[in-house]
Structures are given as C-alpha cells and as structure tokens.
Amino acid sequence: MDRSMFTSTSTNVQFPPSTSAEAWWRGAIIYECHLPSFRDGNGDGIGDLEGLIASLDYLHDTLGVDAVWTGPFYRSPLLDQGFDVSDYTEVEPTFGTLETFDRLLREAHARGIRIIVDYIPNHTSDQHPWFVESRSARTNPKRDWYVWRDPRDGGPPNNWTSEAGGSVWEWDAGTGQFYLHSHLKEQPDLNWRNPEVREALFDVLRFWLDRGVDGIRIDVAHMLMKDPKFRDNPEAPSGNHNPFDLQHPDFGSQVHLHDRRHPDTHHALAQIRAVIDEYPGTVTIAEIEAMSWEDWAEYYGTDLAGMHLPFPFRLLETHWSADLLRAELHGMYAALPPGAWPIVALGNHDRARLATRLGTAQARVAAVLLLTLAATPCLLYGDELGLTDRPVPVDRQRDYFARATGGVSRDPVRTPMPWNDDVNGGFSAAPEERLWLPAASDAAEISVAAQLSRPDSMLSLYRQLTRTRHESPALRRGEIVFLPDVAADSDAHRVLAYERRAGDDHKVILLNLASEPVPVRLDFAGTLVVSSVGREPGGRIGRELDLAADEAVVIDIEKG
C-alpha cells in the first residue's frame, strides 16, 4: 500500500479482491444480538435461543444482515450477562439446550446467515469446576490454572484496579493467597502462561467449531497476558477516565500499563488463530480497547496471522465532528496492513446507545456512515430502531458491575427489543415483573412492526442502506477515497465526504454532521440513492447541492 497517498485532504485505499474461503466476512453485515434482551421464545421473560431462531427471517429478509453475533449463552450464574462462564461446552438452561443451539445453526445456515459466538478466554465464573478445584488447595493440580499471589506488605500483590471497582485481587482465606479478577470478584482470571490452560481453551474452540459455527468474537482479547512481574500501574493524578465507556471511576485512577496489552498477548492470539485456521472460512473478531492506530494494526499479526477483524474502538470514542472523524479514518486506513480489512462498530453493549450519544437525527447520519465505509459493519441490536438508553430501577438491575459503590450499570443500553404492539412490545408474554429488564413504555410505538409501516422511520432507513450495500460492489468491497473539503464555506467540521469505487460502480457519500444546512460543491453529477432525511431516491444531483441539516446522502455517480 502506497503510504504517500494518505494526506490531509485525500485518501485512496484499494482492497484487492480476496480469493480465500474467508472472503464472506469482507462483504458481510454483522448484527450483535444481546440474547437475554432480544426475544423470549419460551415465555419465561428472558430472551433465549428460541427467540433468536424466531427472529432469523427478520434479520435476513427484513433487515438484510449476513451474520449474527449471538452474545454469550454458555452455562453461567449470569452476574455479567453470561460473560461469567461456569461451563464452556454447555448451554445455560435459561437460554436453551445444545439441541436448540444446533437448530439455530441449521436454521440460520438455511437462510444464508452465519453464526458468530463469543469466546471468553480471559476468565471464568468462580463456579467453574476448574476454579473450584484451583481454590481447594495450593497443591491442587489446577492451582496454577488461575493467577494466585501472596500478599505484599499485608495487602494485595499490587495496585491494579478493576473495571468493576476496587482492587483486582480477592483474598481467599482458605488457602491464604489472593486471586486475580480483572472484572467482578466472581470472575477469576485464567493463567494463559500455563500450557494446560491454553490447550483446554483450544479444545473449547474446537468444540464449537466442530458444531459448525462460522466465527468467534474474542472477549477482552487484549487482556490475555499480564506483566509476569506484576509491577504496579502508574497513577494518573489528572485522571484517566474514558468518557465514552461505562466503567467504575476507580478504573480511571491509573494508567493500565501492566494489567493488559502485554506484548506476549500477540503470541497467544496467534495460537488461537492457528486453531481457527483448522476450519477454513471461519473468522476471528477481537474486542480490544481503544489504542493508537499503530498498536491496533499489530493485532492483525505478522503476515496477517493474527486476528481477521480487530475492533477499532478509537472510532467509537471519537467526538462527532467531520474533521475529527476524517482524521481518525485516515489514521485507521493508513495503519491497516497490506491485505487486511477492517471492521467498524459505532455502538456496543458496553457503551451509551448511538441515538442517546448523538441524538436521533445524527444517529441517522451515523447509520449512513457505518454502512458505507470500506469495512465490515457491526450493528448493535435495536440501533436500527433508534433505541435510546432507558432507565432501569435499582431493584431491576441485572448488571453486577453496578453493585459496587460508584459502579455504573450498563443495563440501560441492554433493554428489551420491541417487536410489535403486543404486551411488553412483543419481547415476551411473561408478566412485566418477570422480564429480564423492563420493556420501554413506548415499545409499541418504536417497535419493528410500527417502523415497518413508516417509510421515514429509522428501520426503513437501515433497510434502504443494507439493500443498497448488498447491491453495490463499490460499497461492499470497493476502494475508498476521502474527498477534500466539499462544503462551500470550507467549514471542515461540518461535512465528511468520500467516494467508493469498484469497476463501473461509483458512489459518493456526503455526511452533514451539523444541525444546519450546508451547501456543497462536487466534481460529479449523479442520482440520489439514499437520503437520511427522506429525499425521494432517483432524483438528479448536480454539481451543487444544499445538504439539509443532519442530512447524509449516497449518490450514484454517472459513468463517463
């Protein structure tokens, strides 16, 4: 890739077509399903695999997604929404059975939908048999499967702080040592420096891959290896709080230098990739925290033998202005290793919802950005409806991260998906008090059924965008060129503009990130394909265009 192409005004990134069996994910649209809040299939008030099966036609035929990331469904006490696993190879009965999961695979594959499951290798539940053995005695063969340390000066082994608040170290009186937990104290960290642990977790991978899953999303992939010397993290006197993340304030009191992103992590991820490569066509998606673009690019691994799709969270944590987004996108594409392809998400289950963060009008602009970039888009369930964060009373909260003093609940981001005007918005027929989380009071008005009947709804916009993406080789896999400032008043923070090309297919995308109209001048003329504010598709677009407030457009450029 010619790095000289990356300038402050123009970027040209070309992606040669892939001939490998894994090519499906380069053109795919991925949907993140938060299982307990998605759809209840058995009437107990909690979303489950049966509910997901019942929603496959909506996901494929109505919305137009190609792959579903299921969220965790393994046996679990459900203190962290299923990310606290007590058995990696069994389905939590709340969500169904192994037979239900196998049926999900069959039904999804019959519709052309790929299934991506969570892989949670950093930690288990404290109820996992491995940990029960590990804490039973210092001499137990599984003692070293977890991270145990002696006290230092009568207290914890070091100063590391947890994302859930307080120290990452929990005292175990029975054996007289501390164990490490990067999250809840009920989620002890596995010791990835122990070869037996790695092999056991590789066997977990093969268990699900043998069943036919199409990919894995690796939870906190950047945390697998910690500093083997367990050195203290530097304090952050001015604070290291991330305003975009829902974390305990304790976490931002230090610079997390030694408890995550150790260089040895890349070797561990390469070993995971080697297992994945035993199953051609399977994709790896890595959850990693926001970092410099150069550090992010290292997660692709040497010779692209690392993660296929490491999440670029810097984009999710960029303030919403055209100049800042342009700079970050330039940085992402400039750092991308030759032959690599990115994934992009603008929301997830740990962050404020898109419509809450940006407002409804700019959330529509964000939908156009997400589905027209040269990247695999990952949509959070409900964002296609414009769902916002919803207050959850303390006595109804499920997120144990909020139980600590000063803790922040992520439950408002994870409330039930509204489907129709039935009870509880069609999420579940159970009594309201039995629901996993409370349904929105206006669920019927914002539901899938209600929005399908309105051509100007958020869901109708997403459907228009996914259909356009599927029909356009340029949007699926074409090159991307960021255009110089096109705003007539040269106000760079207002309009983000780029073009996508593949063969004769040529699209231009203009995003007005301001709440007032902006006149733009173009070097092209064409036909309007999509407008986020409801302009009628098919109209001719000349070389001058007045973008409405909060308007994003996709234009099909005339040939010649």
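The values are calculated or read from the model by the stated rules, or taken from the named source; none is laboratory data. Predicted model only: the values in this text are computed from it and were never measured. As a convention, Cβ positions derive from the backbone with ideal geometry for all residues, glycine included, and neighbour counts pool all protein chains shown. Protein only, heavy atoms only, side chains kept; ligands, DNA and RNA dropped before computing areas. Shrake-Rupley method; radii C 1.70, N 1.55, O 1.52, S 1.80 Å.
So, R0 is 51 Å and r is the distance between the beta-carbons of T405 and K559; what FRET efficiency does that work out to, to 0.05? Show your work: numbers first, answer last.
Details: r = 63 Å, r/R0 = 1.24.
After rounding to 0.05, the efficiency reads 0.20.
Would you tally the net charge around A361, using a Cβ to Cβ cut-off of less than 10 Å, leaving A361 out, and scoring K and R as +1, D and E as -1?
Counting the neighbours of A361, the net charge comes to -1.
Quick one: which residues, 5 or more positions from V283 or on another chain, have an amide H under 5 Å from its amide H? H modelled 1.01 Å from N in the peptide plane, none for Pro or chain starts.
Distant-sequence amide H within range of V283: G215, I216.
Give me a comma-separated list of calculated 3J(HN,Hα) values for the stretch 72-87, in order, Karplus coefficients 6.51, -1.76, 1.60 applied at θ = phi - 60°, integers in Hz, x for any Gly or Pro.
In residue order, the calculated couplings are x, 9, 6, 4, 6, x, 6, 7, 10, 6, x, 7, 9, 8, 9, 7 Hz.
Compute the long axis of helix 458-471 from its Cα atoms, compare it with the longest principal axis of the Cα atoms of the chain, and write down the angle in degrees, 0 to 90, nearest 10.
Taking the Cα atoms of the chain, the angle to 458-471 is about 80 degrees.
Taking the Cβ-Cβ separation of E133 and A270 as r and a Förster radius of 41 Å, what is the calculated FRET efficiency to the nearest 0.05?
Working: r = 29 Å, r/R0 = 0.70.
For E133 and A270, the calculated efficiency is 0.90.
Using a 1.4 Å probe on the protein chains only, how many percent of the accessible area of the chain belongs to carbon and sulfur?
Working: 10070 of 20370 Å².
Carbon and sulfur together cover 49 percent of it.
Report, by chain and number, residues whose modeled amide H sits under 5 Å from the one on E90, excluding near sequence neighbours (fewer than 5 apart, same chain).
For E90, whose amide H was placed from the backbone, the distant partners under 5 Å are R75.
Using 0.36 nm per residue of separation minus the Cα-Cα distance, give me the extension gain between W293 and V394 in nm, one decimal. Numbers along the way, then the final one.
On the way: separation 101, 0.36 × 101 = 36.36 nm, distance 3.85 nm.
Gain on stretching W293 to V394: 32.5 nm.
Could you check the spin-label model distance between D523 and A173? Points 7 Å from the Cα along Cα→Cβ, value in nm.
7.4 nm
Taking θ as phi - 60°, what are the ³J(HN,Hα) couplings along the stretch 136-148 by the Karplus curve (6.51, -1.76, 1.60), each to the nearest whole Hz, with x for Gly and Pro?
Those phi angles translate into 6, 6, 5, 8, 5, x, 9, 4, 7, 6, 10, 9, 10 Hz.
Taking GluC sites (Glu not before Pro) that fall in a DSSP loop and have at most 16 other Cβ atoms within 10 Å as cut points, what is the longest piece of the chain between them? Write down the numbers at each step before the final one.
Working: sites that count: E278, E317, E558.
Answer - 1-277.
FRET efficiency for H493 and E317, Cβ-Cβ distance as r, R0 = 22 Å, nearest 0.05? Write out the running numbers ahead of the final one.
Details: r = 18 Å, r/R0 = 0.80.
My answer for the efficiency is 0.80.
With a probe of 1.4 Å, find how much accessible area the stretch 208-296 has per residue, and write the answer as a whole number in Å². Present the calculation step by step, with values, prior to reporting the outcome.
Working: 3520 Å² over 89 residues.
I get 40 Å² per residue for this part.
Can you compute 3J(HN,Hα) from phi for each residue in the stretch 494-501, using the Karplus curve 6.51 cos²θ - 1.76 cosθ + 1.60 with θ = phi - 60°, rounded to whole Hz and x for Gly and Pro?
Whole-Hz 3J(HN,Hα) from phi for the stretch 494-501: 9, 10, 10, 9, 7, 10, 10, 9.
Mind jotting down the distance between the C-alpha centroids of the stretch 229-249 and the stretch 517-560, whole Å?
Taking the Cα centre of each part, the stretch 517-560 and the stretch 229-249 sit 44 Å apart.
Quick check: residue separation of D504 and N194 times 0.36 nm, minus the Cα distance between them. What number comes out in nm? Don't jump to the answer; show the numbers that get you there.
Values: separation 310, 0.36 × 310 = 111.60 nm, distance 5.36 nm.
Value of the extension gain: 106.2 nm.
Tell me which label goes with the value of Rg/Rh (Cα atoms, Kirkwood Rh) computed from the coordinates here: [x] 0.99; [y] 0.97; [z] 1.19.
Label [y] holds the value from this structure.
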